[in-house]
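The structure appears right after this line, and notes come after that.
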Amino acid sequence: MLNGNLLLDGHFTMRRKSDGGIEEIHVDVFSDLCIGGVVLFIDRPEEISKRMYLRDGVSLPVDTFHEHQEAEISHARHVASTLGLPLAVLQAFDTKGMAEALSGWTDIPT
C-alpha cells in the first residue's frame, strides 16, 4: 500500500509516431493521478539532443527538441493552472531546486 507520497517522472506532451506531431496529454490524466505539484525540467535543446543520441542512438534536428520543449512548458503551465497546482520550472539536473520544490509540497524529508 502506498503512503500517498509518489514521485512521477513523465511528460506533458508526446510526439506521435504516425506524423511526428506533438500531442498534449489530457489534463484529466493528471487530475486522476491526484498530484500535488509539478516540477518541469528544461535544458538547452542541443543538450537534450545529445542525451537522446547517447541513450537511444536517435539523431533528430535540434529544432525538434526546441519545439517539443516549448510545447511541454506551455502545457505544464496549463495543467498546473487548471488544477491549481504549484509549478517549478527548473534547469535540468537542479537537484537542490527539486528538493526545495518538494519540501514545500509534501512531508517527504529532503
* With charges set only on the Cβ (+1 for Lys and Arg, -1 for Asp and Glu), what does the dipole of the range 4-110 come to about its Cα centre, in debye to the nearest 20? -> 200
* Structure fact -> Projected convex hull area of the chain, Cα atoms, direction-averaged, in nm², equals 8.1
* Asked: Tally Lys and Arg at +1 and Asp and Glu at -1 over the other residues with C-beta under 12 Å from the C-beta of residue 64: what net charge comes out?
  -> -3
* Asked: When only Cα pairs under 8 Å and 6 or more residues apart are kept, what is the percent relative contact order across the range 23-93?
  -> 50
* Asked: Counting each DSSP H run of 4 or more residues in the chain as -39500 (n - 2.57), what helix-only mean residue ellipticity at 222 nm follows after dividing by all residues, to the nearest 500 deg cm²/dmol?
  -> -14500 deg cm²/dmol
* Take each complete run of DSSP H in the chain, measure how far its Cα atoms stretch along the helix's own axis, and keep only those covering 20 Å or more with mean Kyte-Doolittle hydropathy at least -1.0; list them. => 62-83
* Rough spin-label spacing in nm, given labels placed 7 Å along Cα→Cβ, for residue 17 and residue 62 -> 2.9
* DSSP-defined antiparallel bridges as percent of all bridges, the range 13-105, nearest 5 -> 40
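If we count trypsin sites (Lys or Arg not before Pro) as exposed when they sit in a DSSP loop and have at most 13 other beta carbons within 10 Å, what is the longest stretch of the chain that avoids them all?
By the stated rule (loop sites, at most 13 other Cβ atoms within 10 Å), 18-110.
Taken together, the values in this text are just the output of simple stated rules run on the coordinates, not laboratory data. Note that the structure is a prediction, hence the values are computed from the model and not measured. Here Cβ is always computed from backbone atoms with ideal geometry, including for glycine, and neighbour counts include all displayed protein chains.
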